[in-house]
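Okay, so here's the structure we're looking at.
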Amino acid sequence: FLGAGKPPMYGDYEAQRHWQEVTYNLPIRQWYFNTSDNNLLYWGLDYPPLTAYHSFVCAYIAKLINPDWVALHTSRGYESQPHKLFMRTTVFVADLLIYIPAVILYCFSLKETSTKKKASICALCILLYPGLILIDHGHFQYPLSLGFALWGVLYLSYDWDLLGSVAFCLAINYKQMELYHSLPFFCYLLGKCFKKGLKGKGLALLIKIAGTVVVSFAVCWLPFCTDMEQIMQVLRRLFPIDRGLFEACMFSSPPPHLANIWCSLSVLIKIKNIVSPQTQLKLSFAVTFLSLLPTCIKLTVQPSLRGFKFALVSCALSFFLFSFQVHEKSILLVSVPVCLIINEIPFMATWFLLVSTFSMLPLLLKDGLLLAYAVTTLAFLSVCVASFSIFEKTSAEDLQLKPFSLSLKGYVSWFKSFPKIVRSLFLLSVTLMGVLSVMSAALHPPQRLPDLFPVAVSVISCLHFLLFLVYFNVVIVWDSKNSRSQKKIS
(Lines give C-alpha, C1' and ligand atoms only; values in the text may rest on other atoms or scores of the structure.)
Protein backbone atom coordinates (compact mmCIF):
# COMPACT_ATOMS: atom_id res chain seq x y z
CA PHE A 1 0.00 0.00 0.00
CA LEU A 2 1.06 3.59 -0.63
CA GLY A 3 3.45 4.95 2.01
CA ALA A 4 4.14 1.57 3.65
CA GLY A 5 7.28 1.69 5.80
CA LYS A 6 7.98 5.30 4.83
CA PRO A 7 8.09 7.70 7.79
CA PRO A 8 6.95 10.16 8.86
CA MET A 9 3.39 9.59 7.52
CA TYR A 10 3.36 5.94 6.38
CA GLY A 11 0.28 6.34 4.14
CA ASP A 12 -3.48 5.71 4.23
CA TYR A 13 -3.10 2.49 6.20
CA GLU A 14 -1.52 4.46 9.03
CA ALA A 15 -4.17 7.17 8.77
CA GLN A 16 -6.96 4.68 9.48
CA ARG A 17 -4.95 2.96 12.23
CA HIS A 18 -4.06 6.30 13.86
CA TRP A 19 -7.69 7.40 13.96
CA GLN A 20 -8.44 4.20 15.84
CA GLU A 21 -5.60 4.99 18.26
CA VAL A 22 -6.86 8.54 18.86
CA THR A 23 -10.56 7.73 19.25
CA TYR A 24 -9.91 4.85 21.65
CA ASN A 25 -7.39 6.56 23.92
CA LEU A 26 -8.61 10.17 24.03
CA PRO A 27 -11.89 11.67 25.24
CA ILE A 28 -14.32 12.77 22.52
CA ARG A 29 -13.72 16.46 23.20
CA GLN A 30 -10.07 16.01 22.10
CA TRP A 31 -10.64 14.04 18.88
CA TYR A 32 -10.58 17.07 16.58
CA PHE A 33 -8.37 19.39 18.64
CA ASN A 34 -4.58 19.77 18.44
CA THR A 35 -3.08 18.62 21.76
CA SER A 36 0.11 17.02 23.04
CA ASP A 37 -1.58 13.62 22.56
CA ASN A 38 -3.21 14.46 19.22
CA ASN A 39 -0.97 16.14 16.67
CA LEU A 40 -3.35 17.16 13.90
CA LEU A 41 -0.46 17.45 11.45
CA TYR A 42 -0.03 13.69 11.81
CA TRP A 43 -3.19 12.29 10.20
CA GLY A 44 -5.55 14.38 12.32
CA LEU A 45 -9.21 13.42 12.04
CA ASP A 46 -10.79 15.35 9.16
CA TYR A 47 -13.96 13.33 8.52
CA PRO A 48 -17.38 13.75 10.21
CA PRO A 49 -18.42 12.13 13.51
CA LEU A 50 -19.64 8.79 12.09
CA THR A 51 -16.14 8.06 10.77
CA ALA A 52 -14.76 8.75 14.25
CA TYR A 53 -17.34 6.47 15.88
CA HIS A 54 -16.56 3.72 13.37
CA SER A 55 -12.83 4.11 14.10
CA PHE A 56 -13.60 3.74 17.82
CA VAL A 57 -15.54 0.49 17.23
CA CYS A 58 -12.67 -0.93 15.14
CA ALA A 59 -10.19 0.17 17.82
CA TYR A 60 -12.19 -1.55 20.55
CA ILE A 61 -12.00 -4.85 18.64
CA ALA A 62 -8.31 -4.26 17.82
CA LYS A 63 -7.56 -3.70 21.52
CA LEU A 64 -9.08 -7.08 22.38
CA ILE A 65 -6.89 -8.83 19.80
CA ASN A 66 -3.61 -6.95 20.38
CA PRO A 67 -3.33 -3.80 22.54
CA ASP A 68 -0.13 -2.77 20.71
CA TRP A 69 -2.17 -2.01 17.57
CA VAL A 70 -3.80 1.04 19.15
CA ALA A 71 -1.39 1.95 21.98
CA LEU A 72 -1.18 5.74 22.34
CA HIS A 73 2.02 7.18 20.75
CA THR A 74 3.96 3.88 20.68
CA SER A 75 1.81 2.38 17.92
CA ARG A 76 2.70 5.10 15.42
CA GLY A 77 3.85 3.51 12.15
CA TYR A 78 2.88 0.04 13.39
CA GLU A 79 2.89 -2.47 10.53
CA SER A 80 2.53 -6.22 10.80
CA GLN A 81 0.86 -8.93 8.73
CA PRO A 82 -1.73 -9.77 11.44
CA HIS A 83 -2.70 -6.11 11.73
CA LYS A 84 -2.91 -5.68 7.95
CA LEU A 85 -5.19 -8.73 7.85
CA PHE A 86 -7.31 -7.16 10.59
CA MET A 87 -7.54 -3.84 8.73
CA ARG A 88 -8.48 -5.51 5.45
CA THR A 89 -11.05 -7.60 7.28
CA THR A 90 -12.70 -4.45 8.70
CA VAL A 91 -12.99 -3.05 5.15
CA PHE A 92 -14.46 -6.32 3.86
CA VAL A 93 -16.95 -6.50 6.75
CA ALA A 94 -18.08 -2.93 6.00
CA ASP A 95 -18.56 -3.98 2.37
CA LEU A 96 -20.48 -7.06 3.42
CA LEU A 97 -22.78 -5.29 5.88
CA ILE A 98 -23.59 -2.04 4.05
CA TYR A 99 -22.40 -1.67 0.44
CA ILE A 100 -22.89 -5.13 -1.12
CA PRO A 101 -26.47 -5.67 0.24
CA ALA A 102 -27.46 -2.22 -1.06
CA VAL A 103 -26.15 -3.08 -4.55
CA ILE A 104 -27.87 -6.47 -4.66
CA LEU A 105 -31.22 -5.19 -3.38
CA TYR A 106 -31.07 -2.23 -5.77
CA CYS A 107 -30.50 -4.49 -8.79
CA PHE A 108 -33.33 -6.83 -7.78
CA SER A 109 -35.68 -3.86 -7.31
CA LEU A 110 -35.23 -2.55 -10.88
CA LYS A 111 -38.15 -2.98 -13.26
CA GLU A 112 -35.71 -3.45 -16.14
CA THR A 113 -34.15 -6.51 -14.47
CA SER A 114 -37.31 -8.58 -14.67
CA THR A 115 -35.60 -11.90 -13.96
CA LYS A 116 -33.24 -13.02 -11.21
CA LYS A 117 -30.59 -13.75 -13.84
CA LYS A 118 -30.67 -10.17 -15.19
CA ALA A 119 -30.57 -8.74 -11.67
CA SER A 120 -27.63 -10.98 -10.74
CA ILE A 121 -25.71 -9.94 -13.87
CA CYS A 122 -26.35 -6.25 -13.12
CA ALA A 123 -25.15 -6.69 -9.52
CA LEU A 124 -22.06 -8.60 -10.69
CA CYS A 125 -21.07 -5.80 -13.09
CA ILE A 126 -21.45 -3.16 -10.38
CA LEU A 127 -19.50 -5.17 -7.79
CA LEU A 128 -16.72 -5.83 -10.33
CA TYR A 129 -16.15 -2.10 -10.91
CA PRO A 130 -12.34 -1.99 -10.54
CA GLY A 131 -12.02 1.58 -9.23
CA LEU A 132 -13.82 0.85 -5.98
CA ILE A 133 -12.10 -2.51 -5.48
CA LEU A 134 -8.61 -1.07 -5.96
CA ILE A 135 -9.12 2.07 -3.89
CA ASP A 136 -11.14 0.54 -1.03
CA HIS A 137 -8.73 -2.30 -0.42
CA GLY A 138 -5.58 -0.57 -1.64
CA HIS A 139 -6.10 2.53 0.50
CA PHE A 140 -8.10 1.01 3.36
CA GLN A 141 -11.04 3.24 2.48
CA TYR A 142 -14.31 2.13 4.04
CA PRO A 143 -17.27 2.14 1.60
CA LEU A 144 -19.81 3.08 4.26
CA SER A 145 -20.66 6.55 2.92
CA LEU A 146 -21.28 5.21 -0.59
CA GLY A 147 -23.21 2.29 0.91
CA PHE A 148 -25.47 4.58 2.95
CA ALA A 149 -26.05 6.76 -0.14
CA LEU A 150 -27.07 3.65 -2.11
CA TRP A 151 -29.50 2.72 0.66
CA GLY A 152 -30.90 6.25 0.32
CA VAL A 153 -31.47 5.76 -3.42
CA LEU A 154 -33.04 2.35 -2.78
CA TYR A 155 -35.46 3.73 -0.18
CA LEU A 156 -36.46 6.64 -2.43
CA SER A 157 -37.18 4.20 -5.26
CA TYR A 158 -39.86 2.70 -3.00
CA ASP A 159 -41.14 6.18 -1.99
CA TRP A 160 -39.83 5.68 1.55
CA ASP A 161 -38.74 9.29 1.66
CA LEU A 162 -38.04 9.52 5.39
CA LEU A 163 -35.87 6.40 5.45
CA GLY A 164 -34.09 7.68 2.35
CA SER A 165 -33.40 10.96 4.13
CA VAL A 166 -32.01 9.17 7.19
CA ALA A 167 -29.75 6.98 5.03
CA PHE A 168 -28.33 9.96 3.18
CA CYS A 169 -27.80 11.87 6.45
CA LEU A 170 -25.74 8.91 7.65
CA ALA A 171 -23.75 9.02 4.39
CA ILE A 172 -22.96 12.72 4.67
CA ASN A 173 -22.09 12.33 8.37
CA TYR A 174 -19.61 9.60 7.48
CA LYS A 175 -17.83 11.53 4.72
CA GLN A 176 -18.39 15.17 3.85
CA MET A 177 -17.66 14.40 0.17
CA GLU A 178 -21.22 13.05 -0.01
CA LEU A 179 -22.09 16.72 -0.58
CA TYR A 180 -21.49 15.74 -4.22
CA HIS A 181 -24.84 13.93 -4.05
CA SER A 182 -26.69 16.32 -1.75
CA LEU A 183 -28.31 18.58 -4.35
CA PRO A 184 -30.02 15.74 -6.28
CA PHE A 185 -31.43 14.35 -3.00
CA PHE A 186 -32.58 17.84 -1.97
CA CYS A 187 -34.06 18.80 -5.35
CA TYR A 188 -35.80 15.47 -5.87
CA LEU A 189 -37.47 15.50 -2.44
CA LEU A 190 -38.35 19.20 -2.74
CA GLY A 191 -39.80 18.57 -6.20
CA LYS A 192 -41.96 15.77 -4.78
CA CYS A 193 -43.26 18.16 -2.12
CA PHE A 194 -44.09 20.78 -4.76
CA LYS A 195 -45.83 18.13 -6.86
CA LYS A 196 -48.06 17.12 -3.94
CA GLY A 197 -48.87 20.79 -3.28
CA LEU A 198 -47.35 22.95 -0.55
CA LYS A 199 -50.78 23.67 0.93
CA GLY A 200 -51.62 20.06 1.69
CA LYS A 201 -49.78 16.74 1.57
CA GLY A 202 -46.66 18.38 0.11
CA LEU A 203 -46.25 20.70 3.12
CA ALA A 204 -46.72 17.80 5.55
CA LEU A 205 -44.08 15.77 3.68
CA LEU A 206 -41.68 18.73 3.66
CA ILE A 207 -42.04 19.18 7.43
CA LYS A 208 -41.50 15.46 8.03
CA ILE A 209 -38.38 15.37 5.85
CA ALA A 210 -36.96 18.53 7.46
CA GLY A 211 -37.61 17.11 10.93
CA THR A 212 -36.01 13.79 9.99
CA VAL A 213 -32.86 15.52 8.70
CA VAL A 214 -32.53 17.72 11.80
CA VAL A 215 -32.98 14.78 14.18
CA SER A 216 -30.53 12.60 12.21
CA PHE A 217 -27.83 15.29 12.30
CA ALA A 218 -28.51 16.03 15.97
CA VAL A 219 -28.05 12.36 16.93
CA CYS A 220 -24.80 12.09 14.95
CA TRP A 221 -23.36 15.30 16.41
CA LEU A 222 -24.75 14.96 19.95
CA PRO A 223 -21.38 14.36 21.72
CA PHE A 224 -19.93 17.45 20.02
CA CYS A 225 -22.82 19.77 20.88
CA THR A 226 -21.53 20.54 24.36
CA ASP A 227 -20.32 23.96 23.20
CA MET A 228 -20.02 25.99 20.01
CA GLU A 229 -16.21 25.78 19.93
CA GLN A 230 -16.43 21.99 19.59
CA ILE A 231 -18.80 22.29 16.62
CA MET A 232 -16.73 24.97 14.92
CA GLN A 233 -13.50 22.99 15.35
CA VAL A 234 -15.04 19.90 13.73
CA LEU A 235 -16.29 22.07 10.84
CA ARG A 236 -12.84 23.63 10.41
CA ARG A 237 -11.35 20.14 10.18
CA LEU A 238 -13.99 19.04 7.64
CA PHE A 239 -13.67 22.12 5.40
CA PRO A 240 -10.07 23.46 5.48
CA ILE A 241 -10.73 26.22 2.94
CA ASP A 242 -7.48 28.08 3.62
CA ARG A 243 -5.40 25.19 2.25
CA GLY A 244 -6.12 26.28 -1.31
CA LEU A 245 -7.55 24.89 -4.53
CA PHE A 246 -5.15 21.96 -5.01
CA GLU A 247 -4.54 20.89 -1.40
CA ALA A 248 -6.29 17.56 -1.78
CA CYS A 249 -3.84 16.33 -4.43
CA MET A 250 -1.61 15.16 -1.59
CA PHE A 251 0.01 12.31 -3.48
CA SER A 252 1.00 14.41 -6.49
CA SER A 253 3.94 16.59 -7.28
CA PRO A 254 3.22 19.78 -9.31
CA PRO A 255 1.40 19.87 -11.61
CA PRO A 256 -1.31 17.91 -9.77
CA HIS A 257 -2.15 14.52 -11.29
CA LEU A 258 -5.90 14.99 -11.08
CA ALA A 259 -8.40 14.79 -13.93
CA ASN A 260 -10.41 17.90 -13.10
CA ILE A 261 -10.50 21.19 -14.99
CA TRP A 262 -8.32 23.24 -12.61
CA CYS A 263 -5.45 20.75 -12.52
CA SER A 264 -5.62 20.24 -16.28
CA LEU A 265 -5.59 24.00 -16.90
CA SER A 266 -2.64 24.39 -14.53
CA VAL A 267 -0.50 22.61 -17.13
CA LEU A 268 -0.88 25.74 -19.31
CA ILE A 269 -1.84 28.43 -16.79
CA LYS A 270 -0.36 28.51 -13.29
CA ILE A 271 -3.62 29.33 -11.52
CA LYS A 272 -2.06 29.15 -8.05
CA ASN A 273 0.39 31.92 -8.96
CA ILE A 274 -2.16 34.19 -10.63
CA VAL A 275 -5.28 33.87 -8.46
CA SER A 276 -5.46 34.29 -4.68
CA PRO A 277 -6.92 31.43 -2.55
CA GLN A 278 -10.08 33.42 -1.81
CA THR A 279 -10.61 34.15 -5.50
CA GLN A 280 -9.97 30.49 -6.28
CA LEU A 281 -12.75 29.56 -3.88
CA LYS A 282 -15.20 32.05 -5.44
CA LEU A 283 -14.29 31.04 -8.98
CA SER A 284 -14.68 27.31 -8.34
CA PHE A 285 -17.99 27.92 -6.54
CA ALA A 286 -19.37 30.01 -9.40
CA VAL A 287 -18.40 27.56 -12.14
CA THR A 288 -19.64 24.56 -10.15
CA PHE A 289 -22.95 26.28 -9.40
CA LEU A 290 -23.54 27.24 -13.04
CA SER A 291 -22.79 23.72 -14.26
CA LEU A 292 -25.22 22.25 -11.69
CA LEU A 293 -28.07 24.67 -12.36
CA PRO A 294 -29.80 23.08 -15.41
CA THR A 295 -29.94 19.63 -13.83
CA CYS A 296 -31.15 20.89 -10.44
CA ILE A 297 -33.88 23.09 -11.95
CA LYS A 298 -35.12 20.24 -14.14
CA LEU A 299 -35.20 17.76 -11.24
CA THR A 300 -37.08 20.19 -8.98
CA VAL A 301 -39.66 21.08 -11.62
CA GLN A 302 -40.08 17.53 -12.94
CA PRO A 303 -39.06 15.09 -10.19
CA SER A 304 -38.72 11.49 -11.34
CA LEU A 305 -36.68 8.55 -10.10
CA ARG A 306 -34.95 8.21 -13.46
CA GLY A 307 -34.11 11.92 -13.51
CA PHE A 308 -32.88 11.66 -9.92
CA LYS A 309 -30.39 8.91 -10.79
CA PHE A 310 -29.07 10.78 -13.83
CA ALA A 311 -28.84 13.97 -11.72
CA LEU A 312 -26.67 12.12 -9.16
CA VAL A 313 -24.20 11.44 -11.97
CA SER A 314 -24.29 14.91 -13.52
CA CYS A 315 -24.03 16.83 -10.24
CA ALA A 316 -21.26 14.64 -8.83
CA LEU A 317 -19.31 15.03 -12.09
CA SER A 318 -19.72 18.82 -11.95
CA PHE A 319 -18.37 18.83 -8.40
CA PHE A 320 -15.42 16.65 -9.40
CA LEU A 321 -14.52 18.79 -12.42
CA PHE A 322 -15.01 22.27 -11.03
CA SER A 323 -15.18 22.32 -7.22
CA PHE A 324 -12.65 23.20 -4.53
CA GLN A 325 -10.09 20.73 -3.09
CA VAL A 326 -10.81 17.59 -5.10
CA HIS A 327 -8.87 14.34 -4.70
CA GLU A 328 -8.16 11.70 -7.36
CA LYS A 329 -10.32 9.23 -5.44
CA SER A 330 -13.33 11.58 -5.57
CA ILE A 331 -14.16 10.22 -9.02
CA LEU A 332 -15.65 7.24 -7.16
CA LEU A 333 -18.47 9.56 -6.06
CA VAL A 334 -19.39 9.89 -9.74
CA SER A 335 -18.73 6.26 -10.65
CA VAL A 336 -21.09 4.69 -8.13
CA PRO A 337 -24.14 6.64 -9.45
CA VAL A 338 -23.05 5.65 -12.97
CA CYS A 339 -23.18 2.04 -11.79
CA LEU A 340 -26.84 2.63 -10.87
CA ILE A 341 -27.74 3.38 -14.50
CA ILE A 342 -25.55 0.73 -16.13
CA ASN A 343 -28.68 -1.24 -17.03
CA GLU A 344 -30.22 1.81 -18.79
CA ILE A 345 -27.18 2.96 -20.79
CA PRO A 346 -24.72 0.04 -20.58
CA PHE A 347 -22.46 1.31 -23.36
CA MET A 348 -21.86 4.82 -21.96
CA ALA A 349 -21.77 3.59 -18.36
CA THR A 350 -19.12 0.97 -19.15
CA TRP A 351 -17.09 3.56 -21.04
CA PHE A 352 -17.27 6.04 -18.17
CA LEU A 353 -16.30 3.45 -15.55
CA LEU A 354 -13.26 2.43 -17.61
CA VAL A 355 -12.15 6.07 -17.90
CA SER A 356 -12.72 6.70 -14.18
CA THR A 357 -10.42 3.79 -13.27
CA PHE A 358 -7.83 4.94 -15.83
CA SER A 359 -7.89 8.47 -14.35
CA MET A 360 -6.50 7.07 -11.08
CA LEU A 361 -3.62 5.29 -12.87
CA PRO A 362 -0.82 7.49 -11.38
CA LEU A 363 -2.14 6.72 -7.90
CA LEU A 364 -2.49 3.00 -8.65
CA LEU A 365 1.05 2.79 -10.05
CA LYS A 366 2.42 4.39 -6.86
CA ASP A 367 0.52 1.72 -4.93
CA GLY A 368 2.15 -1.03 -7.01
CA LEU A 369 -1.27 -2.12 -8.29
CA LEU A 370 -0.45 -2.35 -12.01
CA LEU A 371 -1.25 -6.07 -12.30
CA ALA A 372 -4.40 -5.71 -10.19
CA TYR A 373 -5.44 -2.71 -12.32
CA ALA A 374 -4.96 -4.66 -15.57
CA VAL A 375 -6.73 -7.81 -14.37
CA THR A 376 -9.75 -6.12 -12.77
CA THR A 377 -10.23 -3.71 -15.70
CA LEU A 378 -10.14 -6.51 -18.29
CA ALA A 379 -12.47 -8.65 -16.16
CA PHE A 380 -14.94 -5.78 -15.78
CA LEU A 381 -14.90 -4.96 -19.50
CA SER A 382 -15.32 -8.62 -20.46
CA VAL A 383 -18.31 -9.11 -18.14
CA CYS A 384 -20.00 -5.91 -19.36
CA VAL A 385 -19.50 -6.83 -23.04
CA ALA A 386 -20.79 -10.37 -22.48
CA SER A 387 -23.68 -9.41 -20.19
CA PHE A 388 -25.03 -6.27 -21.83
CA SER A 389 -23.85 -6.69 -25.45
CA ILE A 390 -22.78 -3.05 -25.22
CA PHE A 391 -21.67 -2.75 -28.87
CA GLU A 392 -25.20 -3.54 -29.99
CA LYS A 393 -26.62 -0.70 -27.88
CA THR A 394 -25.10 2.37 -29.49
CA SER A 395 -28.07 3.86 -31.33
CA ALA A 396 -29.38 7.30 -30.38
CA GLU A 397 -32.36 5.62 -28.73
CA ASP A 398 -30.16 3.21 -26.74
CA LEU A 399 -28.06 6.14 -25.52
CA GLN A 400 -31.19 8.11 -24.49
CA LEU A 401 -30.48 10.72 -27.19
CA LYS A 402 -33.61 10.22 -29.31
CA PRO A 403 -35.37 13.38 -28.02
CA PHE A 404 -32.20 15.37 -28.69
CA SER A 405 -31.92 14.00 -32.22
CA LEU A 406 -35.56 14.89 -32.93
CA SER A 407 -34.96 18.46 -31.79
CA LEU A 408 -32.23 18.83 -34.44
CA LYS A 409 -34.89 18.41 -37.18
CA GLY A 410 -32.85 18.78 -40.38
CA TYR A 411 -29.84 17.04 -38.88
CA VAL A 412 -31.64 13.82 -37.95
CA SER A 413 -30.20 12.01 -40.98
CA TRP A 414 -26.75 12.49 -39.49
CA PHE A 415 -27.78 10.22 -36.62
CA LYS A 416 -28.02 7.24 -38.96
CA SER A 417 -24.24 6.87 -38.82
CA PHE A 418 -24.20 7.75 -35.11
CA PRO A 419 -23.76 4.15 -33.77
CA LYS A 420 -20.72 3.54 -35.97
CA ILE A 421 -19.13 6.86 -34.91
CA VAL A 422 -19.72 6.15 -31.20
CA ARG A 423 -18.26 2.65 -31.43
CA SER A 424 -15.20 3.99 -33.26
CA LEU A 425 -14.66 6.66 -30.59
CA PHE A 426 -14.98 4.05 -27.85
CA LEU A 427 -12.38 1.78 -29.46
CA LEU A 428 -10.05 4.73 -30.02
CA SER A 429 -10.49 5.79 -26.38
CA VAL A 430 -9.84 2.29 -24.99
CA THR A 431 -6.78 1.89 -27.24
CA LEU A 432 -5.39 5.25 -26.10
CA MET A 433 -5.94 4.36 -22.44
CA GLY A 434 -4.30 0.96 -22.94
CA VAL A 435 -1.24 2.39 -24.71
CA LEU A 436 -0.80 5.15 -22.13
CA SER A 437 -1.16 2.63 -19.30
CA VAL A 438 1.62 0.48 -20.78
CA MET A 439 3.84 3.52 -21.41
CA SER A 440 3.30 4.82 -17.87
CA ALA A 441 4.30 1.47 -16.41
CA ALA A 442 7.14 0.50 -18.75
CA LEU A 443 8.84 3.68 -19.96
CA HIS A 444 10.85 6.39 -18.23
CA PRO A 445 9.67 9.92 -19.14
CA PRO A 446 12.11 12.47 -20.59
CA GLN A 447 14.25 14.22 -17.97
CA ARG A 448 12.81 17.60 -18.96
CA LEU A 449 9.26 16.29 -18.53
CA PRO A 450 9.27 13.98 -15.50
CA ASP A 451 5.47 14.27 -15.10
CA LEU A 452 4.69 13.63 -18.77
CA PHE A 453 2.73 10.39 -18.35
CA PRO A 454 0.71 11.32 -15.21
CA VAL A 455 -0.20 14.70 -16.74
CA ALA A 456 -1.20 13.01 -20.01
CA VAL A 457 -3.44 10.60 -18.08
CA SER A 458 -5.03 13.48 -16.19
CA VAL A 459 -5.64 15.71 -19.20
CA ILE A 460 -7.02 12.90 -21.39
CA SER A 461 -9.30 11.75 -18.56
CA CYS A 462 -10.46 15.33 -17.97
CA LEU A 463 -11.39 15.72 -21.65
CA HIS A 464 -13.39 12.50 -21.44
CA PHE A 465 -15.18 13.72 -18.32
CA LEU A 466 -16.08 17.05 -19.91
CA LEU A 467 -17.66 15.21 -22.85
CA PHE A 468 -19.50 12.91 -20.45
CA LEU A 469 -20.79 15.95 -18.54
CA VAL A 470 -22.18 17.40 -21.76
CA TYR A 471 -23.73 14.04 -22.65
CA PHE A 472 -25.46 13.56 -19.28
CA ASN A 473 -26.78 17.13 -19.30
CA VAL A 474 -28.16 16.65 -22.82
CA VAL A 475 -29.95 13.47 -21.72
CA ILE A 476 -31.41 15.20 -18.65
CA VAL A 477 -32.43 18.53 -20.20
CA TRP A 478 -33.80 17.21 -23.49
CA ASP A 479 -35.80 14.58 -21.68
CA SER A 480 -37.78 17.38 -19.98
CA LYS A 481 -37.98 19.66 -23.02
CA ASN A 482 -39.30 16.88 -25.23
CA SER A 483 -41.62 15.07 -22.87
CA ARG A 484 -44.24 14.60 -25.59
CA SER A 485 -41.68 13.06 -27.92
CA GLN A 486 -40.47 10.88 -25.10
CA LYS A 487 -43.99 9.60 -24.47
CA LYS A 488 -44.34 8.67 -28.15
CA ILE A 489 -40.97 6.87 -28.05
CA SER A 490 -42.01 4.99 -24.92
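The values are calculated or read from the model by the stated rules, or taken from the named source; none is laboratory data. Model, not experiment: these values are computed from the prediction. All Cβ positions, even for glycine, are placed from backbone atoms using ideal geometry, and neighbour counts span all protein chains on display. Keep in mind that these areas ignore ligands, DNA and RNA; they rest on the heavy atoms of the full protein, side chains included. Shrake-Rupley method; radii C 1.70, N 1.55, O 1.52, S 1.80 Å.
Test ALA52 against the criterion of being at pLDDT below 90, more than 19 Å from LEU332 (Cβ to Cβ), open to solvent by less than 60 Å² (accessible area, probe 1.4 Å) and among the hydrophobic types (A, V, I, L, M, F, W, C), and give yes or no. No, not satisfied. Residues in segment 161-200 that are among the hydroxyl-bearing types (Ser, Thr, Tyr) and either free of Cβ contacts under 8 Å to residues at least 60 places away in the same chain or part of a helix (DSSP H, G or I) (or both): SER165, TYR180, SER182, TYR188.
Do the conditions hold for SER458, that is, is it touching a Cys at 6+ places or on another chain (Cβ under 7 Å), among the hydroxyl-bearing types (Ser, Thr, Tyr) and in a helix (DSSP H, G or I)? Considered against the rule, which asks whether it is touching a Cys at 6+ places or on another chain (Cβ under 7 Å), among the hydroxyl-bearing types (Ser, Thr, Tyr) and in a helix (DSSP H, G or I), SER458 comes out as yes. Of all residues in segment 336-380, those that are free of Cβ contacts under 8 Å to residues at least 40 places away in the same chain, open to solvent by 20 Å² or more (accessible area, probe 1.4 Å) and under 22 Å from LEU428 (Cβ atoms) total 1.
Being open to solvent by less than 60 Å² (accessible area, probe 1.4 Å) and β-branched (Val, Ile, Thr) is a property that VAL57 lacks.
Candidates are the residues of segment 14-32 that are out of contact with any helix residue (DSSP H, G or I) (no Cβ under 6 Å at 6 or more places or on another chain) and within 18 Å of LEU238 (Cα to Cα); the one that is most open to solvent (accessible area, probe 1.4 Å) is ARG29. Considering only segment 201-234, state which residues are more than 17 Å from ASN173 (Cα to Cα) and free of Cβ contacts under 8 Å to residues at least 12 places away in the same chain. Answer for segment 201-234, where residues must be more than 17 Å from ASN173 (Cα to Cα) and free of Cβ contacts under 8 Å to residues at least 12 places away in the same chain: LYS201, GLY202, LEU203, ALA204, ILE207, ASP227, MET228, GLU229. Of all residues in segment 246-261, at least one satisfies being modelled with pLDDT of 75 or more, in a helix (DSSP H, G or I) and under 18 Å from VAL334 (Cα atoms).
One line per residue, one yes/no per condition, for (1) basic (Lys, Arg); (2) within 18 Å of the chain's Cα centre (by Cα); (3) more than 28 Å from GLN280 (Cα to Cα):
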residue	(1), (2), (3)
ILE331	no, yes, no
ILE342	no, yes, yes
PHE347	no, no, yes
LEU353	no, yes, yes
SER356	no, yes, no
ALA372	no, no, yes
LEU378	no, no, yes
PHE388	no, no, yes
GLU392	no, no, yes
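Counting only residues that are under 25 Å from CYS107 (Cα atoms), of a type in the set (D, E, K, R) and surrounded by fewer than 16 Cβ atoms within 10 Å (Cβ to Cβ), segment 273-312 holds 1 of them.
Part of a helix (DSSP H, G or I), free of Cβ contacts under 8 Å to residues at least 24 places away in the same chain, among the aliphatic types (A, V, I, L, M) and open to solvent by 90 Å² or more (accessible area, probe 1.4 Å) - does that describe any residue in segment 98-110? Within segment 98-110, none of the residues are part of a helix (DSSP H, G or I), free of Cβ contacts under 8 Å to residues at least 24 places away in the same chain, among the aliphatic types (A, V, I, L, M) and open to solvent by 90 Å² or more (accessible area, probe 1.4 Å).
Just one of (1) modelled with pLDDT of 95 or more; (2) in contact with a Cys (Cβ under 8 Å, 6 or more places away or on another chain); (3) within 15 Å of LYS309 (Cβ to Cβ) fails for TYR188. It is (2). Inside segment 388-398, residues that are crowded, with 19+ Cβ neighbours inside 10 Å and in contact (Cβ under 8 Å) with a residue 60 or more places away in the chain make up a count of 1.
All of (1) at pLDDT below 90; (2) part of a helix (DSSP H, G or I); (3) buried (at least 22 other Cβ atoms within 10 Å of the Cβ) hold for CYS315 with one exception: (1).
Just give me the residues in segment 139-153 being open to solvent by 10 Å² or more (accessible area, probe 1.4 Å), at pLDDT below 95 and assigned to a helix (DSSP H, G or I), in sequence order. Scanning segment 139-153 gives LEU144, LEU146.
Yes or no, residue by residue, for (1) at pLDDT 90 or above; (2) open to solvent by 70 Å² or more (accessible area, probe 1.4 Å); (3) of a type in the set (Lys, Arg):
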site: VAL422; (1), (2), (3): yes, no, no
site: SER437; (1), (2), (3): yes, no, no
site: PRO450; (1), (2), (3): no, yes, no
site: HIS464; (1), (2), (3): yes, no, no
site: TYR471; (1), (2), (3): yes, no, no
site: SER485; (1), (2), (3): no, no, no
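For ALA94, the conditions (1) closer than 27 Å to MET177 by Cβ; (2) touching a residue at least 12 places away in the same chain (Cβ under 8 Å); (3) open to solvent by 20 Å² or more (accessible area, probe 1.4 Å); (4) part of a helix (DSSP H, G or I) all hold with the exception of (3).
Looking at segment 49-70, is at least one residue touching a Gly at 6+ places or on another chain (Cβ under 7 Å), closer than 28 Å to VAL219 by Cβ and aromatic (Phe, Trp, Tyr)? No: segment 49-70 contains no residue that is touching a Gly at 6+ places or on another chain (Cβ under 7 Å), closer than 28 Å to VAL219 by Cβ and aromatic (Phe, Trp, Tyr). The listed residues are LEU40, LEU72, LEU85, LEU45, and the only one of them that is exposed (fewer than 13 other Cβ atoms within 10 Å of the Cβ) and either free of Cβ contacts under 8 Å to residues at least 60 places away in the same chain or outside any helix (DSSP H, G or I) (or both) turns out to be LEU85.
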